[in-house]
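Shown next, in structure tokens, is the structure this report addresses.
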Amino acid sequence: MRRILTVKAIKALKPAEPNKRYDVADAIVPGFGVRVNDKGRKTYIVTSRFPGKPHSTRRLIADVRAMDLIKACDQARAWLLEAKGGVAPPTVKQRMPPQTNKGETFAKVAERFLGQHVIPNKLRSALEIERVINRELLPRWGKREFISIRRRDVARLLDDVENRGAPVQAD
């Protein structure tokens, strides 16, 4: 579906059907558009055949709430020009800022997790989550750098809990 995208037209877009999403292409800037998901979230996108890709693909520009329409159109035009010149625009992963929690211990991350997610959300399982962290995780990984914990470490922990005779706890 193609239409002239204005702020008013974007605000009027309805959420997609459950587990679906749809795109609305701009009639003025080819390749530019808005994607709407089933929750009503709207994002600016650009669609083109980028260098190194055999088919047309979409790249996310920004959330509609995070960037105004004019800046998004300018960004789309710039990326389309770069694509014609042989330069692919960055993907979302390439635009992510580098991890800043280097050097943080597991104990510090666990404390922040409890304070930001478990306690404020008043989870019924809050006491159990805190107990498991204090009993199983902190003794093993408390002083360890958080980003050094790997999948194999988690697998070893779960194997140890299961071998101790608590297979349900390991699950």
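Descriptive notes on the structure:
Yes or no, residue by residue, for (1) charged (D, E, K, R); (2) not in a strand (DSSP E or B):
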{"position": "T47", "(1), (2)": "no, no"}
{"position": "F50", "(1), (2)": "no, yes"}
{"position": "H55", "(1), (2)": "no, yes"}
{"position": "L60", "(1), (2)": "no, no"}
{"position": "K71", "(1), (2)": "yes, yes"}
{"position": "L80", "(1), (2)": "no, yes"}
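- Residues that are open to solvent by 70 Å² or more (accessible area, probe 1.4 Å) and closer than 14 Å to I45 by Cα within the stretch 2-23 comprise R2, R21, listed in sequence order.
- Residue count for the stretch 156-170, restricted to those that are open to solvent by 80 Å² or more (accessible area, probe 1.4 Å) and not in a helix (DSSP H, G or I): 1
- Scan of the stretch 28-75 for residues that are small (G, A, S) and either touching an Asp or Glu at 6+ places or on another chain (Cβ under 8 Å) or open to solvent by 80 Å² or more (accessible area, probe 1.4 Å) (or both), ordered by number: G33, G52, A66
- Test: A88 is modelled with pLDDT under 85 and touching a Phe, Trp or Tyr at 6+ places or on another chain (Cβ under 6 Å): yes
- Every residue from the stretch 109-145 that is open to solvent by less than 70 Å² (accessible area, probe 1.4 Å) and either hydrophobic (A, V, I, L, M, F, W, C) or touching a helix residue (DSSP H, G or I) at 6+ places or on another chain (Cβ under 6 Å) (or both): V109, A110, L114, V118, A126, I129, V132, I133, L137, L138, W141, G142
- Looking only at the stretch 113-155, and only at residues there that are of a type in the set (A, V, I, L, M, F, W, C) and part of a loop (DSSP other than H, G, I, E, B), the one that is nearest to G103 (Cα to Cα): I149
The values are calculated or read from the model by the stated rules, or taken from the named source; none is laboratory data. These figures come from a predicted structure and were not determined experimentally. Please note: Cβ atoms are built from the backbone with ideal geometry, for glycine as well, and neighbour counts cover all protein chains shown. Just the protein is used for accessible areas: all its heavy atoms, side chains included, with ligands, DNA and RNA removed. Shrake-Rupley method; radii C 1.70, N 1.55, O 1.52, S 1.80 Å.
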